[in-house]
Amino acid sequence: MTLRFHALLVAATVVAAIAATPIFAQSNRWIEPPAISPPGASPPANPPSANSPAPNSPPPISPAQRDRWQNIDFLFEALKVAPDNTTAKAVSDRIWGLWLASGGDTTNVLMTRVRIAIEAKDLDLAIELLNSVIDFKPDYVEGWDQRATVYYMKKDYVRSLADLGQVLKREPRHFGALFGLGIIMQEFGEDKRALEVYRRALAIDPHMERVPELIRTLSEKVEGRDI
């Protein structure tokens, strides 16, 4: 009971935090798409970046960094209006690629070792490696996301939920983390929260596999059939 209560407390905190995020806290809609800056425009004042400095003294933003964050915003826009599953898959794969590549060369090497450890089912080694990734680059979203996945595989749901919260704090549009959060909510019987999270994920990526069916099933269970 104590473990379940702790897990649900963490989950409630995560759900409340993402609900308060500006892109979700909109009346009568789940998400407001980010604005796409025209070519040559300045990037957001505080774009997510590894080891970001204090807001009062931001460093110069490199052209590569500017292009990356403008591009990912454009990709999220494209994902929402993708005409079919094939197009959506290509766009979402590109977003995943940007997330994975954002850690730099050292992080990429460590993440390759993480993948090998997971494939070998050496989850303890994968956790150790991911600890190193997060210590080295705490704003690298995929370090937290991958560790959440490994904790889930180890059935350590409290730590998995905590890491999903770290992912969504850094990237509220992370549809993979939202899906994972929904799965854990369902496993704990929190169908209403799971439904809320799945709807948010689908608003970001309307072509996500499994999610529409999960929403239909949970809608009937939580809200009842339409009369």
Has the range 195-207 got at least one residue that is within 29 Å of A117 (Cβ to Cβ), buried (at least 23 other Cβ atoms within 10 Å of the Cβ), of a type in the set (D, E) and modelled with pLDDT of 95 or more? yes
Flag if D191 is charged (D, E, K, R), over 15 Å from the mean Cα position of the chain (by Cα) and over 27 Å from L79 (Cα atoms): no
Residues located in the range 195-217, provided they are in contact (Cβ under 8 Å) with a residue 24 or more places away in the chain, in contact with a Phe, Trp or Tyr (Cβ under 7 Å, 6 or more places away or on another chain), assigned to a helix (DSSP H, G or I) and of a type in the set (A, V, I, L, M): A201, A203, I204, V211, L214
Taking only pairs six or more apart or across chains, which ones have beta-carbon atoms under 7 Å, a first residue in the range 109-126 that is surrounded by 13 or more Cβ atoms within 10 Å (Cβ to Cβ), and a second residue that is β-branched (V, I, T) and in a helix (DSSP H, G or I)? L110/V133; M111/V133; I118/V150; L123/V150; A126/V114; A126/I118; A126/V150
Only one of (1) closer than 20 Å to L214 by Cα; (2) over 9 Å from the mean Cα position of the chain (by Cα) is not met by P138, so which one is it? (1)
Give me a count of the residues in the range 178-194 that are small (G, A, S) and in contact with a Phe, Trp or Tyr (Cβ under 8 Å, 6 or more places away or on another chain). 2
Number of positions in the range 67-117 that are of a type in the set (D, E, K, R) and over 18 Å from the mean Cα position of the chain (by Cα): 5
Specify the residue that is surrounded by the most Cβ atoms within 10 Å (Cβ to Cβ); the eligible residues are those in the range 127-147 that are aliphatic (A, V, I, L, M) and within 17 Å of S102 (Cβ to Cβ). L130
Only one of (1) over 22 Å from R147 (Cβ atoms); (2) assigned to a helix (DSSP H, G or I) fails for G189. Which number is that? (2)
State whether the residues of the range 134-148 include one that is more than 23 Å from M185 (Cβ to Cβ), touching a residue at least 24 places away in the same chain (Cβ under 8 Å) and among the aliphatic types (A, V, I, L, M). no
I'd like to know if the range 102-111 contains one or more residues that are assigned to a helix (DSSP H, G or I) and small (G, A, S). no
Please tell me if L130 is out of contact with any Asp or Glu (no Cβ under 8 Å at 6 or more places or on another chain), within 25 Å of E77 (Cα to Cα) and among the aliphatic types (A, V, I, L, M). no
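The values are calculated or read from the model by the stated rules, or taken from the named source; none is laboratory data. Values in this document were obtained by computation on a predicted structure and should not be read as measured data. Here the Cβ is made from the backbone with ideal geometry for all residues, glycine too, and neighbour counts use every protein chain on show.
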